[in-house]
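Scroll down for the structure; my scribbles are underneath it.
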Amino acid sequence: MTETTKNTGEKLSVSSPKTLTLKRGGVEQGVVRQSFSHGRSKAVVVEKVKRRAAGPGEAKPEPVVSAERAAPKRVAATAKSAAVAAPPPAAALAPAAAPAAPKSSGVVLRTLTEEERSARAHALADSRLREAEERKIAEEEARIRQSREEAERADRAAAEARKLNEEVRRKHDEETKRKADEVAKKRFGTDATTAKPGARPALEADEDEAPRARRGGVAARPAAAPKAPRAGEKRRGRLTVVTALSADEVRERSVASFRRRVQRMTGHRDSEPKEKIVREVTIPETITIQELANRMAERGVDVIRILMQQGHMAKITDTIDADTAQLIAEELGHTVRRVAESDVEEGMFDAPDDPANLLPRAPVVTIMGHVDHGKTSLLDAIRSTDVAAAEAGGITQHIGAYQVTSPSGGRITFIDTPGHAAFTAMRARGAKITDIVVLVVAADDGVMPQTVEAIHHAKAAKVPIIVAINKIDKPDAKPERVRTELLQHEIQVESLGGDTLEVEVSAKEKLNLDKLLDVIALQAEVLDLKANPNRAAEGTVIEARLDRGRGPVATVLVQRGTLKPGDIVVAGSEWGRVRALMSDTGHSVVAAGPSMPVEVLGFNGTPEASDRLAAVETEARAREIADYRARQKRDILAARQTGMRGSLEQMMNQLKTSGRKEFPLVVKGDVQGSIEAIVGALDKLSTDEVAARVIFAGAGGITESDVTLAEASGAVLIGFNVRAHKEAREAAERAGIEIRYYDIIYNLIDDVKKAMSGLLAPTLRETMLGNAVILEIFKVSKVGNIAGCRVTDGVVERGANVRLIRDSVVVHQGKLSQLKRFKDDAREVAAGQECGMAFENYQDMKVGDVIECYRVESVQRTL
């Protein structure tokens, strides 16, 4: 690009385009035409400003540099001098040697080199660092010096104040002593005998006026002398004997005024000591200091003082235990009555009954055994129902309670339990509330793991066992094998000389069912089961669920008393008034006596399975018990979440599991028992690397709040035998959350196990490809060292991992960057052939080194 001026016609070369601006005063204007490629041109107005030369008498103004900028400039100058200290090239020195020529508009000044710039930048940075360090040291010294001076000044002021206070106190003592001497002289001096009988003790007016002046906030003024009545002036006031006798006396302070003054000086303290009131203080397990002081009607500072004397520093809002509170109350002279929060549950359960009121009741029989041994089918055959067909997958996943009539006319209550390994808690719960355990063993399968577990539950509950050998109609049935295997677990049947009853039955063909019922009735008659029906009801929650139409529904086995609609009941942390009682057949009943299973409607929340139920007198007591249990439940949950840092072993376990991954879950099920089994099975899947974390688990359908919780925590939402509400489905679609539905617990566990396996880090496995030996080293420009090799065995592939072994020691691990054969790139070289190899970021190869070529494969791990 060229520029041509109109007035001179000469061309000017422009080194770099700059912005053209208008300037005022002493300017020369010209037009410059710029020529561009392709024949384009542009006219630009150019102004040249003349610099005013300093006159002969004027001094050249020097720039004013502030103190803050002085140091950086000095450092910059130093850097510049350091940069130019090195001998510059001749081309750079030539202009300097020539005399200074006038500046022309087209000259390009020499710019700083990169080394000069970096040197200048380093010098500036070092200067700034030194200045910052010096400033920081100076500030620290100034702060220390100032604090020391302030401390000395405070000490001097305190000493002067102490000296002044001592002087004031000494003067006050002398003045008090002088005034006391004067009062004593007036009261008991020689002139006191000549005083008239009506004279009073005299005190100077300023003694009383001083406190008044201090209270009013003004300086005390000397009291004016009493005015003597003028001659001929009439005395005012009533004429009494006292005024007539003391007409010429000076008015002095009365006894009542003196007493009031003493009271003001002593702060209105009552001279008579108050009698100590002894109270009976009720102390719970924990109590705050403020509440303890209020119950004793004592000051909080007195309680804190006693604690400080015992070496315990505390605030008035701190909590102390019952033992400490008892020591404080007894030290202050009060009597103590210790109570506990659990006292609200006293008298709810296990109150003794009068033997005269006990009546026979039906036996409670629990059917237990291994999975698929025919427990539910046997119960269906007895009840003439088909419960097994209603269960998903043909396996029992719920605990059920039913009542049937035996051939002899008596009632028998049956409890059916699941046989799968995940339902251990259900089986244990069934064994605790039962009177007799019927152990079902398949004749063709024998004793299995859950059969052994059921035997242990029955022995732990100390209940008799009746062995029912099922499936005897099968051709491969071997009842004798079952009897022999039971001997290994200390179960000896009657046919082998033991005391355990046994019956061979077939649920499919309905063989010997009457005999089984008769054996159960005989065992119940031996146990002599009785209960009192005429008392408040007690029982156990076997199962609980949330029904959308009926609300919380609990399956309860009544053990004592009679439960009726309208009763106020408490079960765990939930309470309510019984709205209706439903039998196992679905009909409403008016009362449920001992050993009768019923469904109870009316709870304000879903109780947990295995909670004990009791009827109470009032709603207030029911609410109090439920609140206490809810607090206990919250405390236990909080302790689990915080990890309970109670022992060193627990802390070490936390450290071990601190780095493991978590798989969050929100689980909703149909009943509490299923939820309990699912959570227990998921806990068993956890390992040191990955764990299933159940954020929330509850009974009932999937609600919108469950979807919100799953979205906030990034959890998987699982429904077991339940479905999501319409609002929950819409919220899940909006949030992009998938809801997984299951009706068989083992499908749920398998899917969760697969998902958790995806969180595990894969295992790296090496596959050996081949070996090669280096014969020669070639140096290639722009590439580096190339190893000329011969493949001894296997195959060598380009891009594979390699190890360089020298004298049986691995000196390098990396990858092959190049693999060539006869100057051509090769994908792989087989054994016996020669090739050239180059390594990534490694050149130190030697003749005789051995190269191992291998492939690394990633293998996905599973739980």
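Suppose R0 equals 51 Å; then what is the FRET efficiency for Lys474 and Leu759 from their Cβ-Cβ distance, rounded to the nearest 0.05?
E(calc), rounded to 0.05, equals 0.70.
Amide H neighbours of Glu608 under 5 Å, at least 5 residues apart or on other chains, H built in the peptide plane: list them.
Counting only residues 5 or more places away or on other chains, the set is Ser573.
Using a basic spin-label model with each label point 7 Å from the Cα along Cα→Cβ, how many nm lie between Thr286 and Thr335?
3.0
With the full set of protein chains in place, find how many percent of the accessible area of the range 275-389 is carbon and sulfur; take the probe as 1.4 Å.
Values: 3080 of 6220 Å².
Result for the range 275-389: 49 percent of the exposed heavy-atom area is carbon or sulfur.
Any idea of the accessible area per residue across the range 717-863, 1.4 Å probe, to the nearest Å²?
Per-residue value: 58 Å².
Starting at the first residue of the range 159-164, write each ³J(HN,Hα) from the Karplus equation 6.51 cos²θ - 1.76 cosθ + 1.60 with θ = phi - 60°, in whole Hz, x for Gly and Pro.
5, 5, 5, 4, 5, 5
Which trypsin sites (Lys or Arg not before Pro) does the range 431-502 hold that lie in a coil by DSSP with at most 12 other beta carbons within 10 Å?
Of the trypsin sites (Lys or Arg not before Pro), the ones in loops of the range 431-502 whose Cβ has at most 12 other Cβ atoms within 10 Å are Lys462.
Let a ≥ b ≥ c be the square roots of the eigenvalues of the Cα gyration tensor of the range 285-371; is it rounded (a/c under 1.5), or, if not, prolate (a/b larger than b/c) or oblate?
In terms of gyration-tensor shape, prolate.
Taking θ = phi - 60°, what integer Hz values does the Karplus form 6.51 cos²θ - 1.76 cosθ + 1.60 yield along the range 115-123, in sequence order, with x for Gly and Pro?
Result, rounded to whole Hz: 5, 5, 4, 5, 5, 5, 5, 5, 5.
What GluC sites (Glu not before Pro) in the range 581-633 are in a loop by DSSP, with at most 13 other Cβ atoms within 10 Å of the Cβ?
Glu617
Between Arg693 and Ile777, what is the label-point separation in nm under the 7 Å Cα-to-beta-carbon projection?
Label at Ile777, label at Arg693, 5.4 nm between them.
Tell me the per residue accessible area of the range 118-163 using a 1.4 Å probe; a whole number in Å² is fine. Walk me through the numbers on the way to the answer.
On the way: 3970 Å² over 46 residues.
Normalised by residue count, the accessible surface of the range 118-163 is 86 Å².
Can you give me the long-range amide H partners of Thr792? Hydrogens built in the peptide plane at 1.01 Å from N, cutoff under 5 Å, separation of 5 or more residues or another chain.
The list, which skips near neighbours in sequence, is Asn771, Ala772, Val773, Gly832.
Estimate the FRET efficiency between Val856 and Arg631 by the formula 1/(1 + (r/R0)^6), using the beta-carbon distance for r and 51 Å for R0, to the nearest 0.05.
FRET efficiency, Val856 to Arg631: 0.35.
Tell me, in nm to one decimal, what length is gained between Lys823 and Val183 on full extension, where the rule is 0.36 nm per residue of separation less the Cα-Cα distance?
Value of the extension gain: 217.3 nm.
If amide hydrogens are placed 1.01 Å from N in the peptide plane, which non-local residues have theirs closer than 5 Å to the one on Ala724?
Counting only residues 5 or more places away or on other chains, the set is Ile702.
For an R0 of 41 angstrom, estimate the FRET efficiency from the Cβ-Cβ distance between Ser41 and Gln843 and round to the nearest 0.05.
Working: r = 59 Å, r/R0 = 1.44.
So, using R0 = 41 Å, E works out to roughly 0.10.
Give me a comma-separated list of calculated 3J(HN,Hα) values for the range 517-527, in order, Karplus coefficients 6.51, -1.76, 1.60 applied at θ = phi - 60°, integers in Hz, x for any Gly or Pro.
Per residue, the Karplus-derived 3J(HN,Hα) values read 5, 5, 5, 5, 5, 5, 5, 5, 5, 5, 6 Hz.
The values are calculated or read from the model by the stated rules, or taken from the named source; none is laboratory data. What you are looking at is a predicted structure, and each value in this text was computed from that prediction instead of being measured. All Cβ positions, glycine included, derive from the backbone under ideal geometry; neighbour counts span all protein chains shown. Protein only, heavy atoms only, side chains kept; ligands, DNA and RNA dropped before computing areas. Shrake-Rupley method; radii C 1.70, N 1.55, O 1.52, S 1.80 Å.
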